[in-house]
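Here the structure is laid out as structure tokens; the discussion comes afterwards.
Bear in mind that the values in this text are calculations on the coordinates, not laboratory data. All values derive from a computational prediction rather than experimental measurement. Note that we place each Cβ from the backbone using ideal geometry, even for glycine, and neighbour counts take in every protein chain shown.
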């Protein structure tokens, strides 16, 4: 997180909740390895989190768009959380969101 972004979050009004975002694997044409903690306004939904992450340079929405099967395998606190079914779900303090691309080999 940049110093400027951190200062903006500290100075912005209203309560915040922290969410941990992890994106790993080959997604689209390249490999993603994201491990970010993000503070968002209290009451933020999963849909809002996608917007905030996008605005802050965290490629969560991009990863879902490049690998559409991932929108069905998003994990929130260790449970499957299909994106379309949960856009209105409110993010709580301490939530962990994982987007892990499947691996194959032989």
Between residue 73 and residue 51, what is the label-point separation in nm under the 7 Å Cα-to-beta-carbon projection? 2.9 nm
Considering only segment 3-100, what is the antiparallel percent among its DSSP beta bridges, to the nearest 5? 75 percent
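So between residue 85 and residue 42, what do we pick up on full extension, going 0.36 nm a residue minus the alpha carbon distance?
13.4 nm
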Ascending count of other beta-carbon atoms within 10 Å, so fewest first, for 95, 54: 54, 95
So for 87, 60, fewest C-beta neighbours within 10 Å to most, what's the order? 87, 60
